[in-house]
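Every read-out reported here was derived from the displayed coordinates using simple, explicitly stated rules and does not represent laboratory data. Note that the coordinates shown come from a computational prediction; the quantities given were computed from them, not determined experimentally. Here the Cβ is made from the backbone with ideal geometry for all residues, glycine too, and neighbour counts use every protein chain on show.
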Amino acid sequence: MQMAFDPERFAQEFSILKSFPKGNLHYLDNAAMSQVPDCVIKAMVDHETLRRSNVKRGIHHLAEAANEAFEKARVQVAVYLGVNHAEEVIFTSGATAGINILALSFGQNLKPDDEILLSHLEHHSNIIPWQMLRQRRGVTIRYLPITDDGRLNLDRAEELITDRTKLVAVSHGSNVTGAITDVTPLARLVHDKGSKLMLDGAQVAPKGPIDLARTGADFYVFSGHNFNGIVFYVAVVNDILIISATRHDPCSF
Ligand SMILES: Cc1ncc(COP(=O)(O)O)c(C=O)c1O
């Protein structure tokens, strides 16, 4: 049974809301940066006070405790996304970093005749990495237009996705218009052409568990900081082999 949403109880979870006199803080900028509930702050403090150490770089007691917590978080994210293999979840420093990793790995294999399809509804995070790839590899970028009511114009997808299209990288939900796209038909079209689909889920992932398999996305990126989380983010990749083929160290972006 689903419990009714109780805003009063929910607000109690956030020290920042309690620190203002009742009703004095109306925070509406969640799409850019959401507030952090006390349980997340506690998890951060626990890390610093109980197991502060490098993750994946030590074998002493604290490092092992930190590794364990890190891997537990990876499993929790995988469950949230309906991903069967937790190793497909890759923690990065942000959604932008996730897209950069894709551009620097998958993108590095593209050739001048290859095309990437973006849309006119993208956050600059999902434009600039591809423009930089165009400079490096000479690929062509095309844009899916938007409808008058601010949605991806999927009616144009069939004509714009061709045999040259190697990647379609579009927002799952727009940070400008709020429109959420039913991407399943788009994924079908993309895969029929032998192409890959990357979704920018920064505005959709925080709304509730996602059935990633149903979206048909090959790559899915989103942000922790829009998600009542710490400034920590994940990129989810359905095709781990492509990402692990990169020679670039994600930490260097
Ligand atoms: C749709 C969308 N994509 C990408 C980003 C950038 O995310 P990050 O700051 O994690 O790089 C944002 C940020 O709010 C966003 O709203």
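Brief remarks on what is shown
- Helix 95-105 axis versus longest C-alpha principal axis of the chain: approximately 40°, rounded to the nearest ten.
- Those chymotrypsin sites (Phe, Trp or Tyr not before Pro) in region 1-34 that DSSP places in a loop and that have at most 11 other beta carbons within 10 Å: 5
- Between 0 and 90 degrees, the angle of helix 128-137 with respect to the longest Cα principal axis of the chain falls at about 40 degrees.
- A simple charge model with +1 on the Cβ of Lys and Arg, -1 on the Cβ of Asp and Glu and nothing else charged puts the dipole of the chain at about 560 debye relative to its Cα centre.
- Only one residue of 66, 144, 34 has its Cα farthest out toward the positive end of the dipole of the chain, where Lys and Arg carry +1 and Asp and Glu -1 on Cβ, and that residue is 66.
- Residue-normalised convex hull volume from the C-alpha trace of the chain: 155 Å³ per residue.
- Rounded to 10°, Cα long-axis angle of helix 61-81 versus longest principal axis of the chain: 60 degrees
- Where trypsin sites (Lys or Arg not before Pro) in DSSP loops with at most 13 other Cβ within 10 Å are excluded, longest remaining stretch of the chain: 58-246
- Note on the chain: lysine pairs with Cα distance below 20 Å, sequence gap of 8 or more or different chains, count 8.
- Taking amide H as placed 1.01 Å from N in the peptide plane, residue 143 has its amide H under 5 Å from the amide H of 118, each at least 5 places away in sequence or on another chain.
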